[in-house]
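To start, the structure itself, in structure tokens.
The values are calculated or read from the model by the stated rules, or taken from the named source; none is laboratory data. As the structure is a computational prediction, the values presented were derived from the model and not from experiment. For the accessible areas, the whole protein counts, side chains as well, though only heavy atoms, and no ligand, DNA or RNA atoms are used. Shrake-Rupley method; radii C 1.70, N 1.55, O 1.52, S 1.80 Å.
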Amino acid sequence: MNNPPFHDRVLTAELVQHLTLLSGLDLSLERAADLLPQLAPMLAGDAEIAALDLGTLSPLGPTWPETARE
């Protein structure tokens with residue numbers, strides 16, 4: 001049996017309403033529910049990006065310049 005993706009099991013209108021309230025936006029429960037179809041794919045994409053093994057280097061190179069030790 002296939003389980004739905006994690007974000008579909010966790011993301012609820014109540015959670016969206018709570019998170020937006022923490023960000024200073026007061027949404028009705030109905031409006032939060034209206035946002036679910038748009039938020040789920042976006043959060044799934046974020047999860048895929050977060051799962052990539054990109055290492056610890058910044059795109060600009062090493063954080064500290066490499067210097068030879070004597």
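Here are some notes:
- Residues of segment 27-56 that turn out to be among the polar types (S, T, N, Q) and open to solvent by 80 Å² or more (accessible area, probe 1.4 Å), as a count: 2
- Looking at the chain, the helices (runs of 4 or more DSSP H) lying wholly inside it that each contain 1 or more residues that are modelled with pLDDT of 75 or more and more than 20 Å from the chain's Cα centre (by Cα) sit at 29-50.
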